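Reading through the structure tokens given below for one structure.
The values are calculated or read from the model by the stated rules, or taken from the named source; none is laboratory data. Quantities reported herein were computed from a predicted structural model and do not represent experimental measurements. Cβ sites come from the backbone with ideal geometry, for glycine too, and all protein chains shown count toward neighbours. SASA here: full protein model, heavy atoms, side chains in, ligands and nucleic acids out. Shrake-Rupley method; radii C 1.70, N 1.55, O 1.52, S 1.80 Å.
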Amino acid sequence: MMSRVLAVLAVVLLAAFFMPWLGPEAGQIAGTSCRGSPPEISGFSVVRCLVTTAIGADGDAVSRSFDDLWYLWLLAAIPLFGILTLFAGLRGAGSTAPYAVIAGGVPVGEAIYLLVVDGTRLFAYFDIGAWLTLVTGVLLVILPFVPRRY
């Protein structure tokens, strides 16, 4: 039963990954301005921007980009582990919990990191996708450890 709940939360997390996370005014603050990206910033647009920049850059630029923006590169783990959580949950496997904890831990960890480094400044620009990702991430981290009553 819990694996099905985690699968549903994985679907919500995947949907939130493509929703707007930050409004247009937050692009420069987040460090994610990219040529040709939409005015609203989603998790997908951040990852797409990093990948296209890395493909067009030389090795040193990619290394600097990774060193400076490693926390943004981790965003690619959200859909990866969200899909793994979804498939494991639909299969009813007992191995759903580790995938769920990683899928939920990435956005929660990112939020904690940004809170420590940048304070609450960026949180003022959060849009529906960011809040939904954060809430779903917290649930994916906590629910596998909740004792079940049978």
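Highest average first, the peptides 117-128, 79-90 ordered by how many other beta carbon atoms sit within 10 Å of their residues are 79-90, 117-128. Leaving out ligands, DNA and RNA, what percent of the accessible area of segment 101-150 is carbon and sulfur, probe 1.4 Å? The computed percentage sits at 72.
A Cα-only calculation for segment 65-150 places Rg and Dmax at 14.4, 49 Å.
For segment 1-16, backbone nitrogen atoms closer than 17 Å to the point 7 Å from Leu80 Cα along Cα-to-C-beta are found at 14. In the full protein context, segment 73-124 carries 49 Å² of accessible surface per residue, based on a 1.4 Å probe and ignoring ligands, DNA and RNA.
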